[in-house]
1. Filter the stretch 67-96 down to the residues that are of a type in the set (Asp, Glu) and at pLDDT 95 or above, then identify the one that is farthest from PHE384 (Cα to Cα).
2. Mind listing whichever residues of the stretch 157-201 are crowded, with 19+ Cβ neighbours inside 10 Å, under 18 Å from THR49 (Cα atoms) and of a type in the set (A, V, I, L, M)?
3. Are there any helices (runs of 4 or more DSSP H) wholly within the stretch 1-119 with 1 or more residues that are within 11 Å of the ligand (Cβ to nearest atom), and if so which?
4. How many residues does the stretch 120-156 hold that are over 20 Å from the mean Cα position of the chain (by Cα), among the acidic types (Asp, Glu) and either in a helix (DSSP H, G or I) or buried (at least 17 other Cβ atoms within 10 Å of the Cβ) (or both)?
5. So is LYS339 over 18 Å from ALA17 (Cα atoms), in a strand (DSSP E or B) and either among the basic types (Lys, Arg) or more than 12 Å from the ligand (Cβ to nearest atom) (or both) or not?
6. Which pairs have Cβ atoms under 7 Å, sit 6 or more apart or on different chains, and link a residue in the stretch 178-202 that is outside the structural domain of ALA163 (by TED's automatic domain parsing) to one that is part of a strand (DSSP E or B) and surrounded by fewer than 19 Cβ atoms within 10 Å (Cβ to Cβ)?
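The values are calculated or read from the model by the stated rules, or taken from the named source; none is laboratory data. Here the structure is a predicted model, which is why all the values come from computation and not from measurement. Here the Cβ is made from the backbone with ideal geometry for all residues, glycine too, and neighbour counts use every protein chain on show.
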Amino acid sequence: MKRILIVGGGIAGLGVANTLAEKLKGAEITVVNKEAFYFAGPSRPLLLTGEQQYERIIRGYEEVGNKGIRVVIGNVTKVDPDNRSVTVTESSMGSPKMLNYDYLVLAPGVVYDGSKIVGYDKYWYKNTTVYDPGRVNVLKKRLWSESSGTLVVYAPKFPYRCAPAPTETAMLAHTILKHRGVRDKFRIIHIDANDKTQPPAIADVVSQVYQQAGIELITNSEITEITDNSVITSKGEKIPYTILAMLEPNRPPKFIEEAGLGSPYFDVRSPQDLRHTKYDDVLAAGDAAKLPFPKNQEIAFESSQFAANKILEMEGLSERVPVQYAFVGWTYMGNQEGKLETLSLQFQMDFTKQPPAVNKDPKLSRDYTLQKDRWEQAYLERLFGYRI
Ligand SMILES: Cc1cc2nc3c(=O)[nH]c(=O)nc-3n(C[C@H](O)[C@H](O)[C@H](O)COP(=O)(O)OP(=O)(O)OC[C@H]3O[C@@H](n4cnc5c(N)ncnc54)[C@H](O)[C@@H]3O)c2cc1C
């Protein structure tokens, strides 16, 4: 019986687990996840306006376990590819524990790491961000209670997870403050370390919408220092804030680099062959893999299907699941008038073409917001086995 060990029970990890549970009969599939629940990303920003609720985007692993996939709750701290073992601490199996495998798939996503920002160790708690399950609620509370000030939103250098989320944060904040009748008492400043808001394909629409909403955009500027009431940028500007919504630079968990599997992202052979450049039996999927694409849910899932296909191939099976790197995405653009009914922009990216084909509908629509919800719920149902 082949032992497939998957680190990370998120989009990519469960993408691999579900496909192999279906196609590779008789395999022992184990998923190790840090928490006993999963918190979906895409509609998290809508928690701010109250258009999304926590209970609709959190899932447990009950149904995954019922499918015959073994789920271990634990924190992976070490991978030893030469000895085919993974160390799990603070685990539901007791701690620490070593797990062995025939195939290892690393899908732990990313960590938000502000350690290179001066003052972050002291003032990290001042930061609120839609990226973090807990701190999004703090941001919500502040946007709904404070009567004047400056909101600073920050996007670090690419690659980071979910390219448009900083823009979504700025636009949803605008919507709430407008709704509350205090928008004119606030400055909203989006500082971006990149030359355009991300993804670049929709930056022109974002720029127009920001102008309408009075959102100030500073590009090519990294936050290098934070104090208790200001940020300092690589251009030497000191920008005061009362609310800080800063996405810290992203990186994968350290055990990837410590195992010599990449620096910092996992080195894959190609987007279609997600095996490590040195080890046939170690693969990666999702945000932790070094892929020439944006880090988002669609790419994470698609890479998981390529990883599953490679394991099927190595096991001598002829069946493959259909998959390609192409997707439709939506960006929440808030509501200029302050109605708590977010409009969205739809875009498509097709990485099977060279150069990649990118399209968008510049007309914002409420329907796109609803479509994004259906899309997210469909993924959660497919991977976690139930819909709410
Ligand atoms: C606010 C926000 C908005 C987003 N918006 C969009 C969007 O609009 N569209 C879109 O396509 N994508 C969006 N995304 C991105 C999308 O959610 C991610 O790209 C996707 O979830 C990546 O999948 P993954 O499996 O690599 O990581 P995840 O889904 O994050 O899963 C990783 C799992 O690994 C676990 N893990 C981590 N470290 C360890 C460890 N050491 N030991 C054990 N387990 C571990 C984690 O607990 C987690 O459950 C958004 C994300 C966020 C946060």
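1. The initial filter retains those residues of the stretch 67-96 that are of a type in the set (Asp, Glu), namely 80, 82, 90.
So of that shortlist, the ones also at pLDDT 95 or above come out as 80, 82.
Working: ASP80: 29, ASP82: 32 Å.
Within the stretch 67-96, the match that is farthest from PHE384 (Cα to Cα) is ASP82.
2. Across the stretch 157-201, the qualifying residues are ALA165, ALA170, MET171, LEU172, ALA173, ILE176, LEU177, ILE188.
3. Working: elements: 11-23, 54-57, 62-66.
Here the list reads 11-23, 54-57.
4. 1
5. Numbers: over 18 Å from ALA17 (Cα atoms): yes; in a strand (DSSP E or B): no; either among the basic types (Lys, Arg) or more than 12 Å from the ligand (Cβ to nearest atom) (or both): yes.
Spelling it out, it is not the case that LYS339 is over 18 Å from ALA17 (Cα atoms), in a strand (DSSP E or B) and either among the basic types (Lys, Arg) or more than 12 Å from the ligand (Cβ to nearest atom) (or both).
6. Pairs that qualify, where the first residue is outside the structural domain of ALA163 (by TED's automatic domain parsing) and the partner is part of a strand (DSSP E or B) and surrounded by fewer than 19 Cβ atoms within 10 Å (Cβ to Cβ): there are none.
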